[in-house]
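Trainee: Please read through the structure below; I'll follow up with questions.
The values are calculated or read from the model by the stated rules, or taken from the named source; none is laboratory data. Please read these numbers as outputs of a predicted model, since none were measured by experiment. With ideal geometry, Cβ positions are generated from the backbone for all residues, glycine too; neighbour counts draw on all protein chains shown. With ligands, DNA and RNA removed, areas are computed over all heavy atoms of the protein, side chains included. Shrake-Rupley method; radii C 1.70, N 1.55, O 1.52, S 1.80 Å.
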Amino acid sequence: MAETVSASIMKPDLFKFSMRNLKLKTKQQELLTRFAILLFVYVLAFVVRLFSVLRYESMIHEFDPYFNYRTTVYLTENGFYDFWNWFDFESWYPLGRIIGGTLYPGLMVTAASIYRLLRFLSFAVHIREVCVLTAPFFASNTTLVAYFFGKELWDSGAGLVAAALIAICPGYISRSVAGSYDNEGVAIFALLLTFFLFVKAVNTGSLAWSLASAFAYFYMVSAWGGYIFIINLIPLYVLVLLITGRYSMRLYIAYNSMYILGMLLAMQIRFVGFQHVQSGEHMAAMGVFFLMQVFYFVDWIKYLLNDTKLFQAFLRVTVTCAVAVGGLALGVGMASGYISPWTGRFYSLLDPTYAKDHIPIIASVSEHQPTAWSSFMFDYHILLILFPAGLYYCFKRLSDATIFIVLYGLTSLYFAGVMVRLILVATPAVCLISAIAVSASLKNLTTLGLLDSSLPFQRDGAIALLMAAFFLLSRYVIHCTWVTSEAYSSPSIVLAARGAHGGRVIFDDYREAYFWLRENTPPDAKVMSWWDYGYQITAMGNRTVIVDNNTWNNTHIATVGRAMSSYEHEAYEIMQSLDVDYVLVVFGGVTGYSSDDINKFLWMVRIGGGVFPVIKESDYLVNGEYRVDKGAAPKMLNCLMYKLCYYRFGELHTEYGRPSGWDRARGVEIGNKDVKLEYLEEAYTTSNWIIRIYKVKPPSNSHRISV
Amino acid sequence: MGTRDVLVFVLLSILSASALSDLVILKCDRRIDLRTHIVRVSTSLKVENIGPAGVSEFLLTVPNFQAQNLAYLMASSYEGHGKSKGSVVNLSANLVQRDGMPPDITVYSVSLPKELGKGESLTFDILSVFTHSLKPFPEEITQADIQLVVYQDGAYYLSPYEVKVQSLSVQAPSPRVEFYTKLPNVKLVDSEIKYGPYDNLPPFSFTPIIVHFENNRPFAVVKKLVREIEISHWGNVQVTEHYCLVHGGARNKGGFSRKYRIEYQARPDIRGAASFRHLTARLPPRAHSIYYRDQIGNISTSNLWADSRKTELRIEPRYPLFGGWKTDFTIGYGLPLQDFLFESEGKLVLNFSFGCPIDEVVIDNLVVKAGTSTSKLQVVLPEGSKDMFAHIPFDTNQRGEVKFSHLDFFGRPVVVLEKENVVPEHNQHFQVYYKFNCLSMLQEPLMLISGFFLFFIACIVFKHMDISISKSSSAYIAKLQWDEVIMK
């Protein structure tokens, strides 16, 4: 008995002793929890983007990433200087393209450095794997930046929520899934980092932070053309601070050092060059820079004068002079052509209807369309409701930092409404502002529910609201996961569909055709296709293309559009003048794949007609209606694109119970079933007819003799 | 062929007077198998020594135009006499230079199992395998045409010895033989052309024959094959095979149409009969982690059947291969180490098959793995292996390399074996012997552990280091205060 009693006495003591040793202090506990949550979010942001690898394979997605991948491979194989001086003969035949001077090298250099580092650490990875995982890796890093930014704006709670929200927000995932090896993948990280460091610099007035933000800006400039947004938003923010009377020495240090150094660094990127001092889009930043100097000067005079009346007079003179000098400089610069006017792309951002009327090539891109409400809902889900709430909190506790995030949120949301792809830029702001709403509300609710109980039902009400918030947030998680797995993880090179028996059917026609081109055509063959497929043909098919997704020469694209919309013999002359050996078209009539060349055809007509007035859109329409069946316009039924798509299709039965030549993508029986080709011959058609390749016949000898 | 063979023939008739030795071939039966695009000639010979001295070597002569395509030559005799055939004895056949031979002839010497005394006789078989010997004629066909090929050989067995009785049979794949050289004593039975028997022909007798016939078998030619066998002592043999595959038959002309393909799928005898869609690879049993891809990604059209005895992988290239079309792809798979690695006399032995696993007619008649022009085989041994050498049952080029892979410091030793003109008959086992200290296995995990350890140490040191320049700045004081708050 004695034994047991003593043991029972001893036990609590031992327990107490060990617990006291292990127990962390509250602050340490909090730190540990915070660190654990952040680590979890970091891993989550990476893992959620791997759906595409699991569903399909580790591959590069879509169109532009193939160019980035090709250049990255070139960079790793030939080194930086060759990459910088690379003149690419394989695209834009016969013009070629100076790759080094016409791209943002940030992404490629980043991936190549990661690759080199891993190789140095003796991990024998393939460059493709590095490229595929670059975007998820940077998305993870973005969550860290979001945490620190949230902490800077509000508190560490808001930071954690912001990190969690941005980790799975579909608006960001859409551009950063594994395989989506595009500039945006690293650019959003750089954008948010620049903003965070700048806000930090404004808050502290520290030179170190503003220099850091200048370097982050440099990285952003090297990575994506969206840096224009930064170089206009930051001056706007400074201007707002000046107007609201929040000018301070901290702001002066932060902006000036960031602007000067950032500008000098940005000039090192060849594609950007001297735009910071020469282009209209960058002039706002310069204007604000001079305004700051005037402000500082006026402040100094005010301090020296110590006389209100004199100062008022002085102020009037200085402001008039400054405005006059600035206006004159701008006017002279514009008139002499030293400062270039705003580009069409910039205009189309400010005015959504501009591109539709003036630049069909921008308007034809699906990601440049104005955003529908449904895609806001799709990409933001509950953040759409939380965003105004967050704005309310921001206004309630106005500071330099919250003014920034409000400005960022409002401007970027406007641009997101103009173009679908710019939802991406608004996402960090929406997440941060929503995080403030979530964090502040939850904090209020917990205080109300747990500590203070002065009102009846207050506790129950608060708990109910907490439950509701939990429900909303879990819906958000479910929605994000679903959207990621269903909508944003498709590589769009490989198409998947459900078969008749519920099994997954894979249409791998794109790669089938590109690999056929790569292996079975002469190495110097020139392939003509619509520009959408240019990057893929050069990267996967390794053949020269006439036009590609870098739409720098509108006339060249219009020439291809003209060839596609002309009669065969006219098109043959154009193709001969461009040395075309093969023509590639995408055709969805057999599978019902709707984003094919017939559906894109009107844009080819429009873009071709924009440069060559011979091509008239009305020739291809019947009473303003676009059709391919018997009632189609005669020019439509005999143009090259129609012939190439429907060659021999009239003999084919695609669907049970339908006549032959039934186009499943458009649901009609085609109008011209007896397509004869005179100058081209079918070279290859993929197993589901999605890609059809034709060989351009050499000029016939008999013709020359008869002449 | 014409002038060259006539020249040979003229030279031969001049030399025929002088017999080289005292051997006489009593009986010679030749069978030429033309059913696939690999030509297999099996010859059974009965030889007698009529001279006074003993003879221990037998000379095989092959015209040069055939010798350059000769991929495999094997002579074997049977212990014992008559019908009761005992165990097979392989005889070594070596390329030799002999004076007094006509210039357009390549000579191989076969050493007989025992010296043949006066009046003694011996029966043995010779199997020779030729690649690229069926020439498509016409050289270009359309998608809808059948493929016709031409084969040339001699009607008589080319030998430096007198041949008493001989016969030849040529086996075509189908009864559709367009043309064959008409000689006395020749007849076409079903799909077999029989020449002979011919009696008492002097040495170096030669009469060219031509057979022109339909052959729609896939002319699968692997231009270059690199097999990499990587051994990991953690229990895995990783095999990676890079193929560069070409359809070596008549070139396709006049474009390609899916319309035909659809008809072809329903009635393969009519349209595109000369093309092929898939190949079958017979992998060793218990193969796992199998993949099939090319430079631009995974190829989704493959099927796998596996049981305890075999693993059968049916691969379909991205597109059907027509004449002259080519494709590249890579197959990789892992194998359990204990099936292939053994220990003998303090050394480790890897026992692995040399040829490629893509199979011939055994399983699927459509699938024929042809002569690989250049076959490169790399055996990658683990880091720290020493004293390696390879033992192969036939001639190959052998050299050493070093490969760097995951977490390598010195690199992994590689034994590279190269061989041209490989046919399925080369699918024999070879051995690589090497020494390996098992402690080397721990090198990589230890490296990782120490790497992480150093990283954490660096973090801790960094955390405890004071790197601020100014000790009096407000930021520094704020940091000190913050640290104090944290510690409380």
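Trainee: Among the residues of segment A:607-628, write down those that are open to solvent by 30 Å² or more (accessible area, probe 1.4 Å) and assigned to a loop (DSSP other than H, G, I, E, B).
Mentor: The answer is A:Phe612, A:Pro613, A:Val614, A:Lys616, A:Leu621, A:Asn623, A:Gly624, A:Tyr626, A:Arg627.
Trainee: Further, regarding this structure: Being closer than 12 Å to A:Ser434 by Cα and free of Cβ contacts under 8 Å to residues at least 12 places away in the same chain is the filter here; which residues of segment A:143-157 pass it?
Mentor: Within segment A:143-157, none qualify.
Trainee: Has segment A:232-244 got any residue that is in contact (Cβ under 8 Å) with a residue 60 or more places away in the chain, open to solvent by 20 Å² or more (accessible area, probe 1.4 Å) and more than 27 Å from the chain's Cα centre (by Cα)?
Mentor: Within segment A:232-244, one or more residues are in contact (Cβ under 8 Å) with a residue 60 or more places away in the chain, open to solvent by 20 Å² or more (accessible area, probe 1.4 Å) and more than 27 Å from the chain's Cα centre (by Cα).
Trainee: Please identify the pairs in which a residue from segment A:36-61 that is farther than 16 Å from A:Gly185 by Cβ has its Cβ atom under 7 Å from the Cβ atom of a residue that is open to solvent by less than 30 Å² (accessible area, probe 1.4 Å) and outside any helix (DSSP H, G or I), counting only partners at least 6 apart or on another chain.
Mentor: A:Arg55/A:Ser489; A:Tyr56/A:Pro491; A:Tyr56/A:Val494; A:Glu57/B:Gly297
Trainee: A further question on this structure: Quick one: which strands (runs of 3 or more DSSP E) sit completely within segment B:150-260 and have at least 2 residues that are in contact with a His (Cβ under 6 Å, 6 or more places away or on another chain) and open to solvent by 10 Å² or more (accessible area, probe 1.4 Å)?
Mentor: Working: elements: B:162-171, B:177-180, B:186-189, B:192-201, B:208-214, B:220-232, B:236-247.
Ranges flagged: B:177-180.
Trainee: May I ask you to list the residues in segment B:451-465 that are open to solvent by less than 80 Å² (accessible area, probe 1.4 Å) and more than 14 Å from every other protein chain (Cβ to nearest Cβ)?
Mentor: Taking segment B:451-465 first, the residues open to solvent by less than 80 Å² (accessible area, probe 1.4 Å) are B:451, B:457-459, B:461.
Within segment B:451-465, B:Ile457, B:Ala458, B:Val461 qualify.
Trainee: Taking segment B:302-328, which residues are without any contact (Cβ under 8 Å) to a residue 24 or more places away in the chain and either open to solvent by 10 Å² or more (accessible area, probe 1.4 Å) or within 20 Å of the chain's Cα centre (by Cα) (or both)?
Mentor: B:Ser302, B:Asn303, B:Leu304, B:Trp305, B:Ala306, B:Asp307, B:Ser308
Trainee: Here is a further query. Would you confirm whether or not segment A:546-553 contains a residue that is more than 11 Å from every other protein chain (Cβ to nearest Cβ), aromatic (Phe, Trp, Tyr) and open to solvent by 10 Å² or more (accessible area, probe 1.4 Å)?
Mentor: Let us first name the residues in segment A:546-553 that are more than 11 Å from every other protein chain (Cβ to nearest Cβ), namely A:546-553.
From what is left, the residues that are aromatic (Phe, Trp, Tyr) are A:552.
Add one more test, that the residue is open to solvent by 10 Å² or more (accessible area, probe 1.4 Å), and what stays is A:552.
Yes - at least one qualifying residue is present in segment A:546-553.
Trainee: Go through (1) farther than 30 Å from B:Val39 by Cα; (2) more than 14 Å from chain A (Cβ to nearest Cβ); (3) under 44 Å from the mean Cα position of the chain (by Cα) for B:Leu448 and report which single condition fails.
Mentor: B:Leu448 satisfies every listed condition except (2).
Trainee: Taking the options A:Ser700, A:Ser660, name whichever one is farther than 22 Å from A:Ile361 by Cβ, away from chain B (no Cβ under 13 Å) and more than 35 Å from the chain's Cα centre (by Cα).
Mentor: Testing whether each residue is farther than 22 Å from A:Ile361 by Cβ, away from chain B (no Cβ under 13 Å) and more than 35 Å from the chain's Cα centre (by Cα) leaves just A:Ser700.
Trainee: Another question, then. Identify all residues within segment A:577-606 that are β-branched (Val, Ile, Thr), within 31 Å of the chain's Cα centre (by Cα) and open to solvent by 10 Å² or more (accessible area, probe 1.4 Å); write none if there are none.
Mentor: Step one: list which residues in segment A:577-606 are β-branched (Val, Ile, Thr), which gives A:580, A:583, A:585-586, A:590-591, A:598, A:605.
Adding the requirement that they be within 31 Å of the chain's Cα centre (by Cα) leaves A:583, A:585-586, A:591, A:598, A:605.
A:Thr591, the sole residue that qualifies.
Trainee: Let me ask something else about it. Out of A:Glu512, A:Glu486, which single residue is open to solvent by 20 Å² or more (accessible area, probe 1.4 Å) and of a type in the set (Asp, Glu)?
Mentor: On inspection, the qualifying residue turns out to be A:Glu486.
Trainee: Take the residues of segment A:531-545 that are open to solvent by less than 10 Å² (accessible area, probe 1.4 Å) and among the hydrophobic types (A, V, I, L, M, F, W, C): which is farthest from the chain's Cα centre (by Cα)?
Mentor: Within segment A:531-545, the match that is farthest from the chain's Cα centre (by Cα) is A:Val545.
Trainee: Being small (Gly, Ala, Ser) and open to solvent by less than 10 Å² (accessible area, probe 1.4 Å) is the filter here, so list the residues in segment A:113-156 that pass it. Steps first, please.
Mentor: Initially, segment A:113-156 is screened for residues small (Gly, Ala, Ser), giving A:113, A:122, A:124, A:135, A:139-140, A:146, A:150, A:156.
Scanning segment A:113-156 gives A:Ala135, A:Ala139, A:Ser140, A:Ala146, A:Gly150.
Trainee: For the subset of segment B:406-436 comprising residues that are of a type in the set (A, V, I, L, M, F, W, C) and farther than 17 Å from B:Glu228 by Cβ, which member is nearest to the other protein chains (Cβ to nearest Cβ)?
Mentor: The extreme case among them is B:Leu407.
Trainee: Considering segment B:329-341 alone, what residues qualify as being within 13 Å of chain A (Cβ to nearest Cβ) and either of a type in the set (A, V, I, L, M) or buried (at least 18 other Cβ atoms within 10 Å of the Cβ) (or both)?
Mentor: Listed by number, the list holds a single entry, B:Phe329.
Trainee: Please go through segment A:509-539 and pick out each residue that is within 14 Å of another protein chain (Cβ to nearest Cβ), among the charged types (D, E, K, R) and in contact with a strand residue (DSSP E or B) (Cβ under 8 Å, 6 or more places away or on another chain).
Mentor: A:Asp509, A:Arg511, A:Glu512, A:Glu519
Trainee: Looking at (1) within 14 Å of another protein chain (Cβ to nearest Cβ); (2) in contact (Cβ under 8 Å) with a residue 60 or more places away in the chain, which is the one condition that is false for A:Gly650?
Mentor: (2)
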